[in-house]
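I have placed the structure first, in the form of structure tokens, so that the comments after it can refer back to it.
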Amino acid sequence: MLEAYSRAWCEIDYDTIEHNLKEIQKLMNKTKVMGIVKANAYGLGALPIAKTLRDLGIDYFGVSSVDEAIELREGGIQENILILGYTPPEHFSKLVEYDLVQSFLSEEYAKKLNDFAKAKDVVVRGHLKLDTGMNRTGIPFQDGHKEIEALKTIYELPYLRVEGIFSHFPVSDDLGHDARRFTKHQIELFEEAISYLKEEGIDPGLRHIQNSYGILNYGDLGFDYCRPGLLFNGMTSDDSIETAYHLDLKPILTLKANVSLVKWIKAGESVSYGRHFVAQKPTKVATLSIGYADGLSRLVSNQGLEVLLHGKKAKLIGNICMDQCMADVTEIEGVQEGDEAVIVGEQEGNRVTIDRISRMTNTINNETLTSLASRLPRLPKK
């Protein structure tokens, strides 16, 4: 890929990550931060963001898969890396080869890893995943279904080294009574499991349960690590959701595209596929070199999404195309081929956010960000 500040690209403000990290650390006191950089650091570039966090003192990272972990290792990240998801048996050897920490997702899975390690005469490192209510992966530990003996069994498997225990919140973003009751009970269940292990003479190891909203709504719970992902990128899943604690987060992403053509169309002429926009008067149209194949969802077509040109807002018109889209720049003077349009970010004091796109497409910022295509270069802010 030819990387350049042209056509369409992401600019990442790596310096701002330090500010966001400090905001998290102020709230979490002595609880350490595990840098969650799964899914290419939520679309913004796993390796450079991990390196930035490492240089700021982060000593533990979380990823989704063994492939993501290997990318970090081969890119020079020597700190601990926890694989939060499933590693298939054909890749078990990579866990040892690259000194990775695997999530033990079930008793059966842990035993399978132990059998592999025994056959190879190696030890597999890991954290035990406890299911306190997400019902996705983990050893069940909920009211009426607590696989207590499975916890002890996994910790005692001779070829596994269980270095920690963790769980996950499904509704920590919700401050409603029922959601808060559910989340607080998850914390109680997590602490109960830890107490059981200690009573059995087992060191539970590192403890972590808080995701980004778990941080924003519950503050310092006194565990060893917390697991922010979007927060050090300067955003949340939905900026309209109220939180108990407010951090001064600053977005690190600017999404830009060049203007490739500017032309006037007459009243009655249409723009793009489907002819969903028909000019009611002479209209100056700028074509931007970004489309849905770059991650600008076609679902925002004809919804009034605004971009910035010369620091002023211009509405997109007509259907988003695969590689291009069009904006009405009738009221903006001097727009020409080669100009930079800001789709997400700030220009001359005005700002357009990722959250607008997420709202128009009925999703969360996590999905919008991870939909940014690999063909968009992730480049340092100029």
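Probe of 1.4 angstrom, ligands and nucleic acids ignored: what's the accessible area per residue over the chain, in square angstrom?
Details: 16840 Å² over 382 residues.
Solvent-accessible surface per residue comes out at 44 Å².
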Exercise. Counting Lys +1, Arg +1, Asp -1, Glu -1, what net charge surrounds Ala279 among other residues with beta carbon under 12 Å of its beta carbon?
Worked result: +3
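Suppose a student asked you for the relative contact order of the chain, using Cα pairs under 8 Å spaced at least 6 residues apart; what percent would you report?
Details: 814 pairs, mean separation 69.5, N = 382.
Dividing the mean separation by the residue count of the chain yields 18 percent.
Sort 130-140, 367-377, 38-48 by the packing proxy (mean of other Cβ within 10 Å over each peptide's residues), most packed first. Spell out each step's value before the answer.
Numbers: 130-140: 19.5, 367-377: 18.0, 38-48: 21.9.
Output ranking for 130-140, 367-377, 38-48: 38-48, 130-140, 367-377.
On a 1.4 Å probe surface of the protein chains, which of Arg125, Arg180, Arg351 comes out largest in accessible area, and what is the full order? Before the final figure, lay out the partial values.
Values: Arg125 30, Arg180 65, Arg351 100 Å².
The ordering from most to least exposed comes out as Arg351, Arg180, Arg125.
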Exercise. Tell me, what is the 1.4 Å probe accessible area of Trp264, in Å² to the nearest 10?
Worked result: 150
Exercise. Once label points are set 7 Å from the Cα along Cα→Cβ at both Met134 and Glu269, what is their separation, rounded to one decimal in nm?
Worked result: 5.3
Seminar exercise, completed: Of the listed pairs Lys315/Lys382; Lys38/Lys250; Lys94/Lys146; Lys26/Lys315; Lys32/Lys118; Lys22/Lys51, those with alpha carbons more than 28 Å apart are Lys94/Lys146; Lys26/Lys315; Lys32/Lys118
Seminar exercise, completed: In degrees rounded to 10, the 0-90 angle between helix 46-55 Cα long axis and the longest Cα principal axis of the chain is 60
Problem set entry | Dipole of the chain, positive end: most advanced residue of Ile265, Val101, Val329 [Cβ charges, Cα centre] | Ile265
Exercise. Helix 107-120 sits at what angle to the longest principal axis of the chain, using alpha carbons and giving 0 to 90 degrees rounded to 10?
Worked result: 80
Exercise. Can you tell which of Pro158, Leu84, Leu255 lies farthest toward the positive end of the dipole of the chain, using +1 and -1 charges on the Cβ of basic and acidic side chains (Lys, Arg; Asp, Glu)?
Worked result: Leu255
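Leaving out ligands, DNA and RNA, what percent of the accessible area of the stretch 34-134 is carbon and sulfur, probe 1.4 Å?
Numbers: 1730 of 3760 Å².
So the carbon and sulfur contribution to the accessible surface is 46 percent.
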Exercise. Per-residue accessible area for Thr353 at 1.4 Å probe radius, Å² rounded to 10?
Worked result: 50
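Antiparallel as a % of all DSSP beta bridges within the chain, to the nearest 5?
On the way: 33 of 62 bridges.
If I count the DSSP bridges inside the chain, around 55 percent turn out antiparallel.
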Seminar exercise, completed: Asserting the computed 222 nm helical MRE of the chain (DSSP H runs at least 4 long, -39500 (n - 2.57) per run, divided by residue count, to nearest 500) equals -8500 deg cm²/dmol
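The values are calculated or read from the model by the stated rules, or taken from the named source; none is laboratory data. Note that the structure is predicted; figures quoted are calculated from it, not measured. As a convention, Cβ positions derive from the backbone with ideal geometry for all residues, glycine included, and neighbour counts pool all protein chains shown. What goes into the accessible areas is simple: the full protein's heavy atoms, side chains included, and nothing from ligands, DNA or RNA. Shrake-Rupley method; radii C 1.70, N 1.55, O 1.52, S 1.80 Å.
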